Amino acid sequence: MNKKLIGCLAFTLMASIGCTPMRTVHTQDIKTLSSTAKTADDHEALASHYEAEAKLFEEKVEAHKKLLEHFEREPWLFGRQGVDFENHCNKLIQIYSQAAEANFEMAKMHRELAEGAKP
């Protein structure tokens, strides 16, 4: 039963992450745009990108919080690896939360630059 439940949870998590829309902006494009951004439109594009990234990280935080809640409700289902699972989820929640916060800060910075940039 444990293996079936864990397999089901893993499949559900992977399916939900796999259903997120594909990003149309490539990392190389962001690097180029961030080093050459001069106009308000350039900075708005970067701000939108960073906000979208932050939202993806927030979705991952929520997914791991749900898994952690399930673990806390029924810890006996996870056996000896339960403590490792709990620590793993907590660490990922912390990492993804920090990444979301950093991306929101970058978006805020680019919005401010867009306000001061030439059209």
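Search the stretch 99-116 for residues that are touching a residue at least 60 places away in the same chain (Cβ under 8 Å) and pair each with any residue that is of a type in the set (A, V, I, L, M, F, W, C) when their beta-carbon atoms are under 7 Å apart and the residues are at least 6 apart or on different chains.
Within 7 Å, the pairs are A107/A47; A107/A54; H110/L46; H110/A47; R111/A47; A114/A40; A114/A47.
Can H49 be described as out of contact with any strand residue (DSSP E or B) (no Cβ under 8 Å at 6 or more places or on another chain) and at pLDDT below 80?
For H49, the condition - out of contact with any strand residue (DSSP E or B) (no Cβ under 8 Å at 6 or more places or on another chain) and at pLDDT below 80 - is not met.
For the stretch 66-119, which residues satisfy the criterion of being in contact with a Cys (Cβ under 8 Å, 6 or more places away or on another chain) and either surrounded by fewer than 17 Cβ atoms within 10 Å (Cβ to Cβ) or among the aromatic types (F, W, Y) (or both)?
Selection gives F71 alone.
The values are calculated or read from the model by the stated rules, or taken from the named source; none is laboratory data. Quantities reported herein were computed from a predicted structural model and do not represent experimental measurements. All Cβ positions, even for glycine, are placed from backbone atoms using ideal geometry, and neighbour counts span all protein chains on display.
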